[in-house]
């Protein structure tokens, strides 16, 4: 039995929610106290998530250009960047915690994500 249960369709929905949250959350939470980069890294990553989602080969994109496995690889790289950024750029307080929590969340989604849509759901897509 596989522990992977997040389908590409579920991932697509999550991408737009997370992308929007990464854009809006820094302003709502007051990020950037320890470094302006803590604010802007989130906003720019959110914009990149939405842009990449629009061209990923899954149901909720406008153009299926990027294969889903590559999308997952980029997500994993983003998680590592979020994990390293607080240490590399000296984030403190909420800025520090925000990036560690986001890194963990992205790693969970990648770890539990299916690389292909299940056959039973593919016909509906």
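The values are calculated or read from the model by the stated rules, or taken from the named source; none is laboratory data. Worth saying up front: this structure is predicted, and the values here are computed from it rather than measured. All Cβ positions, even for glycine, are placed from backbone atoms using ideal geometry, and neighbour counts span all protein chains on display.
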Working only within the range 52-69, note down all residues that are surrounded by 15 or more Cβ atoms within 10 Å (Cβ to Cβ) and either over 11 Å from the mean Cα position of the chain (by Cα) or touching a residue at least 60 places away in the same chain (Cβ under 8 Å) (or both).
54, 56, 57, 58, 59, 60, 61, 66, 68
From the options 62, 18, 49, 74, residue that is farther than 21 Å from residue 111 by Cα and modelled with pLDDT of 95 or more:
62
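Return yes or no: is residue 72 within 27 Å of residue 36 (Cα to Cα), surrounded by 13 or more Cβ atoms within 10 Å (Cβ to Cβ) and in contact (Cβ under 8 Å) with a residue 40 or more places away in the chain? Outline the logic, then answer.
Details: within 27 Å of residue 36 (Cα to Cα): no; surrounded by 13 or more Cβ atoms within 10 Å (Cβ to Cβ): yes; in contact (Cβ under 8 Å) with a residue 40 or more places away in the chain: yes.
Criteria not met by residue 72.
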In this structure, does residue 80 turn out to be buried (at least 18 other Cβ atoms within 10 Å of the Cβ) and part of a helix (DSSP H, G or I)?
no
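For (1) more than 16 Å from the chain's Cα centre (by Cα); (2) exposed (fewer than 14 other Cβ atoms within 10 Å of the Cβ); (3) on the phi < 0 side of the Ramachandran plot; (4) at pLDDT 95 or above, each residue gets a yes or a no:
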site: 4; (1), (2), (3), (4): yes, yes, yes, no
site: 10; (1), (2), (3), (4): no, no, yes, no
site: 23; (1), (2), (3), (4): no, no, yes, yes
site: 26; (1), (2), (3), (4): no, no, yes, yes
site: 45; (1), (2), (3), (4): no, no, yes, yes
With respect to residue 91, is the statement that it is more than 18 Å from residue 117 (Cβ to Cβ), in contact (Cβ under 8 Å) with a residue 60 or more places away in the chain, buried (at least 17 other Cβ atoms within 10 Å of the Cβ) and in contact with a helix residue (DSSP H, G or I) (Cβ under 8 Å, 6 or more places away or on another chain) true?
no
